[in-house]
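The values are calculated or read from the model by the stated rules, or taken from the named source; none is laboratory data. Source: prediction; values computed, not measured. Counting neighbours? That spans all protein chains shown, and the Cβs are built from the backbone with ideal geometry, glycine included.
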Ligand SMILES: Cc1cc2nc3c(=O)[nH]c(=O)nc-3n(C[C@H](O)[C@H](O)[C@H](O)COP(=O)(O)O)c2cc1C
């Protein structure tokens, strides 16, 4: 079982690759086949692409791209962030590099390989230099106070999550037993650019939260909890979750 949790504290985006194709795509595919979704009823599909298949305004040249498609149902962007981040961490745990590409687009003939809608892609391959951070101090991130109402055991893992243009659009209210997640609100042009990407970012942060809780022997049940606190100013509600310890007795 790959150690996704520990990869959280070392991973970084890789933008320069050795262009030799990997011979381990089958291992990656086996991992993808076993991914955990946030919402199992949303159909998703992944395709491998090469440079000629995609248009990328800020080019990151990599030997491979993993292109993600999904059914457009409620929560599909959260779900895709949650699933693809497992892949990002898996690649990092294998000494490989990856980089989310929020502004790249597959060519239309590639997009029409499936009925599902294109969501996002991940460039990946063997990094040209060091694939990991040596120390948590190397992460450029907000402070715990900027992203949560109180400290929790899972907060550090959430804090280190990657996000589009490193905006870290999340805010959490919660404790050891539950949480409510909120996302930065946008207006006008920003909503067009960041609305979609921030939902994916939220899914990424929730993946880190889920891994941290499991690492401490618990599990997370995502839901839309009633009676939640009002969003902090400038944020909108995203999702909540109950955190259960695996040895807790179920009532009712
Ligand atoms: C949804 C998403 C989209 C991103 N899009 C791009 C992109 O188009 N180009 C790029 O170079 N990096 C992209 N990134 C990488 C971020 O810039 C990077 O994760 C962030 O600056 C934090 O740095 P780190 O990943 O090295 O910790 C994206 C990240 C996320 C999560």
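When residue 186 is tested against (1) within 16 Å of the ligand (Cβ to nearest atom); (2) buried (at least 21 other Cβ atoms within 10 Å of the Cβ), just one condition goes unmet, and that condition is (2). A search for C-beta distances below 9 Å between a residue of segment 97-120 that is without any contact (Cβ under 8 Å) to a residue 60 or more places away in the chain and more than 11 Å from residue 67 (Cα to Cα) and any residue that is near the ligand (Cβ under 10 Å from one of its atoms) and in a loop (DSSP other than H, G, I, E, B), counting only pairs 6+ apart in sequence or on different chains, returns 103/56; 103/57; 103/58.
Criterion applied to 52, 85 was being in the same structural domain as residue 11 (by TED's automatic domain parsing) and within 15 Å of the ligand (Cβ to nearest atom), and the one residue passing it is 85.
Conditions (1) farther than 26 Å from residue 126 by Cα; (2) surrounded by 19 or more Cβ atoms within 10 Å (Cβ to Cβ); (3) in contact (Cβ under 8 Å) with a residue 60 or more places away in the chain; (4) within 16 Å of the ligand (Cβ to nearest atom), marked per residue:
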| residue | (1), (2), (3), (4) |
| --- | --- |
| 42 | yes, yes, no, no |
| 67 | no, yes, no, yes |
| 70 | yes, yes, no, yes |
| 73 | yes, no, no, no |
| 77 | yes, yes, yes, yes |
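Reported count of residues in segment 200-225, each being surrounded by 20 or more Cβ atoms within 10 Å (Cβ to Cβ) and not in a strand (DSSP E or B), is 14. Which numbered condition in (1) more than 29 Å from residue 215 (Cβ to Cβ); (2) within 17 Å of the chain's Cα centre (by Cα) is the only one that residue 68 fails? Just one mismatch for residue 68, condition (1). Residues of segment 54-65 that are surrounded by 15 or more Cβ atoms within 10 Å (Cβ to Cβ) and at pLDDT below 95: 54, 56, 60.
Looking at 147, 204, 193 in this structure, which one is assigned by TED's automatic domain parsing to the domain that holds residue 238, out of contact with any strand residue (DSSP E or B) (no Cβ under 9 Å at 6 or more places or on another chain) and either over 22 Å from residue 6 (Cβ atoms) or modelled with pLDDT of 95 or more (or both)? Explain how you work it out, then say what you get.
Numbers: 147 fails: out of contact with any strand residue (DSSP E or B) (no Cβ under 9 Å at 6 or more places or on another chain); 204 fails: out of contact with any strand residue (DSSP E or B) (no Cβ under 9 Å at 6 or more places or on another chain).
So the residue among 147, 204, 193 that is assigned by TED's automatic domain parsing to the domain that holds residue 238, out of contact with any strand residue (DSSP E or B) (no Cβ under 9 Å at 6 or more places or on another chain) and either over 22 Å from residue 6 (Cβ atoms) or modelled with pLDDT of 95 or more (or both) is 193.
Within segment 27-36, is there a residue that is touching a helix residue (DSSP H, G or I) at 6+ places or on another chain (Cβ under 8 Å), more than 16 Å from the ligand (Cβ to nearest atom), farther than 14 Å from residue 95 by Cα and in a helix (DSSP H, G or I)? Walk me through how you get there before you give the answer.
Quick first cut of segment 27-36, residues touching a helix residue (DSSP H, G or I) at 6+ places or on another chain (Cβ under 8 Å) only: 28, 31-32, 35-36.
Next cut, more than 16 Å from the ligand (Cβ to nearest atom) only: 28, 31-32, 35-36.
Still in the running and farther than 14 Å from residue 95 by Cα: 31-32, 35-36.
Subset that is in a helix (DSSP H, G or I): 31-32.
Checked segment 27-36: at least one residue is touching a helix residue (DSSP H, G or I) at 6+ places or on another chain (Cβ under 8 Å), more than 16 Å from the ligand (Cβ to nearest atom), farther than 14 Å from residue 95 by Cα and in a helix (DSSP H, G or I).
Screening 150, 117 for residues that are under 28 Å from residue 235 (Cβ atoms), more than 13 Å from the ligand (Cβ to nearest atom), exposed (fewer than 15 other Cβ atoms within 10 Å of the Cβ) and under 20 Å from the mean Cα position of the chain (by Cα) leaves exactly one candidate, 117. Do we find that residue 31 is over 21 Å from residue 101 (Cβ atoms), surrounded by 13 or more Cβ atoms within 10 Å (Cβ to Cβ) and within 21 Å of the chain's Cα centre (by Cα) in this structure? It is false that residue 31 is over 21 Å from residue 101 (Cβ atoms), surrounded by 13 or more Cβ atoms within 10 Å (Cβ to Cβ) and within 21 Å of the chain's Cα centre (by Cα). Residue count for segment 1-26, restricted to those that are assigned to a loop (DSSP other than H, G, I, E, B) and in contact (Cβ under 8 Å) with a residue 24 or more places away in the chain: 15.
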